[in-house]
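Undergrad: The following block contains the structure, expressed as structure tokens.
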Amino acid sequence: MDTHEQPTRAELLRLLKERGEMTVKQLSAALGITPMGVRQHLDTLLREGRVTYRWHRHGPGRPCQLFRLTPSGDELFPRHYAHLALGLLQAAQARDLLPQLLAGRRQQLLARYRDHLAQAGSMSTPPVRAASPAGPGAFEPENDGLVRPAEPLPAEPLGELLERYAALRSAEGYYAEVESAGDGSYRFRQRNCAIRQVAEGFPALCDSEAELIAELVGAKVVPVRCVARGAAVCEFLVRPRDDQSTSTA
């Protein structure tokens, strides 16, 4: 659990985690504080979205509130997703399936992000092609180190696309931002790597990110820095195609 939680509040959350649902009276007895004190903590946790409640009637008299954790509250407790992901990637790598796995995941993300960008702006959503690294639609790094999309997307101001993509990534916890490079290019940065523990063991995940951006916005992408490789931020230089608009007007 987050160690920054106030101690009594953290204990309250732990009790709800262990017992599922509890009343104010039950929490008061377990914590050794007054019901009013319990309600003060619960009010804070309700505002934060950590707990919720339902009304329950047991026998005659007024119904009582049964409090329980929300998914947000449950996320405060330890998770071992990284260990699971590392194990799966190691198994895929041992069977020479890692490139296909990353390509499939990239296509899933591409479909989802295209859908969101289409809703947020005017970009049409072309069908996503199933592709393998060696088949149609695969990325072919060229001699200058750029990753290029296999097919161009409909014309759309590059800056606007990147800003909308940054908003999506920020909502996922990556704290993304876009900065103009002054020559029609943009620097796309992510200040938090939500998959850092996994990416440190599999740098190919970072390379796949560059390929995703390239195909999503139809631009040329150069990986510059990577948190998983020791940098403070993940950064990509995104250059427009010759036929692509860079205006955000």
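The values are calculated or read from the model by the stated rules, or taken from the named source; none is laboratory data. As the structure is a prediction and not an experimental result, all values here were calculated from the model. Here the Cβ is made from the backbone with ideal geometry for all residues, glycine too, and neighbour counts use every protein chain on show.
Undergrad: Working carefully through the options Gly87, Gly32, Gly73, find the one that is under 25 Å from Ala171 (Cβ atoms) and among the small types (Gly, Ala, Ser).
TA: Matching residue, one of Gly87, Gly32, Gly73: Gly73.
Undergrad: Among the numbered conditions (1) at pLDDT 85 or above; (2) under 30 Å from Ala91 (Cβ atoms); (3) within 19 Å of the chain's Cα centre (by Cα), tell me where Ala194 comes up short.
TA: Condition not satisfied by Ala194: (1).
Undergrad: Given (1) over 29 Å from Arg196 (Cα atoms); (2) in contact (Cβ under 8 Å) with a residue 24 or more places away in the chain; (3) among the acidic types (Asp, Glu), identify the lone condition not met by Asp43.
TA: Just one mismatch for Asp43, condition (2).
Undergrad: Would you confirm whether any residue within the range 90-109 is modelled with pLDDT under 70 and outside any loop (DSSP other than H, G, I, E, B)?
TA: No, the conditions are met nowhere in the range 90-109.
Conditions (1) modelled with pLDDT of 90 or more; (2) crowded, with 16+ Cβ neighbours inside 10 Å; (3) aliphatic (A, V, I, L, M); (4) part of a helix (DSSP H, G or I), marked per residue:
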| position | (1), (2), (3), (4) |
| --- | --- |
| Glu142 | no, no, no, no |
| Gly145 | no, no, no, no |
| Pro149 | no, yes, no, no |
| Pro152 | no, no, no, no |
| Leu162 | yes, yes, yes, yes |
| Asp183 | no, no, no, no |
